[in-house]
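These notes concern the structure reproduced below.
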Amino acid sequence: MIAPITWSASSARSTPWSLIGTRSSLWSNNPHMAHDVSDSLTSVRIASRGVARLRGGLPWVWADDVQAPSPAPPPGVVGLRSTKGEWLGQGFYNPASTIRVRFLAATTRPLDEKWLRRQLTEAAQLRDGPLGLAGASCRLVHSESDHLPGVVLDRIGDALILQTLCAGADTWLERLQAAATELFNPRLFILKNTARSRAAEKLVQETRVLSGTPGPTLYREGDLEFETDLLNDQKTGAFLDQRDNHLMMGKVARGAALDLFCYHGGFALAMARGGATVTAVDASQAAIDRLHGNARRNGLSATGVCADVFDYLKNDDSRWDTIVCDPPALSPHARDKKNALQAYRQLAAGCFSRLRAGGLLLFCSCSAHILADDLLGALVAGARDTTGRDSAGRSFCVHRFVQAGPDHPSHPLIPESAYLKGFLVRAT
């Protein structure tokens, strides 16, 4: 297991946004930190609109608000100045991205290895300290929300999985690997750059072993143990963002329970542990096989069905006391939103038509472009679509709004960072 990092209140980070434009902040009074890169670092100029957004807390600057020297610098760290020459800080620059600059820090000091280790340490200390995730499989760094734009670092069992989602973070790959290895000493370290967002940065997808010997990795959620293949399984190898919701459903599920898009059984096995009789559906036979293996590992039973979920809801006449519907991202791009909302509505109608009176439904979306109100609207429309059937799902009450766990913080000015949302509802 990767050892936790001790947290102390004095190590908690103060927000950097109030420091933008204050060149003397943080370092100027420390004689040991006198090196200033503001004059030697290649700089880009930020238009007044971009400056206002930065000072308002948005860590992105769009291409229209950036004036780069000619020739434009390659992807990497640049200095940020207003069009009047005022120092704003440092950020990742990518001449090929519509998000031209991603803010890193207001300091004039170099963002060197020591700085990077401190950022990683503070993010990990937050998880292992006040968030109560010491030693747990969790997200250690969540990109902009942890002030390391484009950097995602997950701890799964005794392994680390790194994602670099922007071109600037790509240039730091060796530094990130070295710093994380020094801090966490993982048995296995994987680079898993398969996120669709890399395409917007004009980056290729790749997965490779950075260190260690690949093989099955074990990790825990509560008292359940799961096996995953970090190189080949979805996301970074586990659905860490749903961890708290898995545990919640283990407490509230009852009777006959249906887990749709079950994958390796995070919801299914938590509900089975809580005493529900579980059927789990996924279109991947490999996922169903892994579900059955994880069930045996924990001394549990779940019936796995390899089927398209939409077809299953059309053809199965069973009635359920508890349903979980957690589909993959149905709207990976903004242009997909209309069709995605129709698909969510169809799924909601299928779930409500199979849910007994008083039954519980957890209905989720991990699509960044689907907002909570959009998802609730799809639920309402889906419930209405069941009118006239022999169904108890024509109306419902919302008992809880759910989102990703606290190790996946969202940025208040980046709605996409709050990508996971869901509603626990009771059919009436």
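A few points about this structure:
- Within the set ASP289, ASP282, the sole residue that is farther than 18 Å from PHE423 by Cβ, of a type in the set (Asp, Glu), out of contact with any Lys or Arg (no Cβ under 6 Å at 6 or more places or on another chain) and free of Cβ contacts under 8 Å to residues at least 24 places away in the same chain turns out to be ASP289.
- Restricted to strands (runs of 3 or more DSSP E) entirely inside the stretch 63-174, those with at least 2 residues that are aliphatic (A, V, I, L, M) are 76-82, 99-105, 138-142, 151-156, 159-164.
- Each residue in the stretch 253-278 was checked for being polar (S, T, N, Q) and in contact (Cβ under 8 Å) with a residue 40 or more places away in the chain, and 0 pass.
- Within the stretch 184-206, tally of residues that are over 30 Å from TRP62 (Cβ atoms) and either surrounded by fewer than 19 Cβ atoms within 10 Å (Cβ to Cβ) or assigned by TED's automatic domain parsing to the domain that holds ARG290 (or both): 2
- Residue check for ARG55: surrounded by 17 or more Cβ atoms within 10 Å (Cβ to Cβ), in the same structural domain as PRO95 (by TED's automatic domain parsing), within 18 Å of ALA106 (Cβ to Cβ) and modelled with pLDDT of 95 or more: no
- Residue check, ARG175 surrounded by 23 or more Cβ atoms within 10 Å (Cβ to Cβ) and either of a type outside the set (A, V, I, L, M, F, W, C) or farther than 30 Å from ALA96 by Cα (or both): no
- Checking each residue in the stretch 307-332 for being more than 19 Å from ASP385 (Cα to Cα) and either touching a His at 6+ places or on another chain (Cβ under 7 Å) or surrounded by fewer than 13 Cβ atoms within 10 Å (Cβ to Cβ) (or both) picks out ASP308, SER331.
The values are calculated or read from the model by the stated rules, or taken from the named source; none is laboratory data. A quick note: this is a predicted structure, and the numbers were derived from the prediction, not measured. Neighbour counts run over all protein chains shown; Cβ positions are idealised from the backbone, glycine included.
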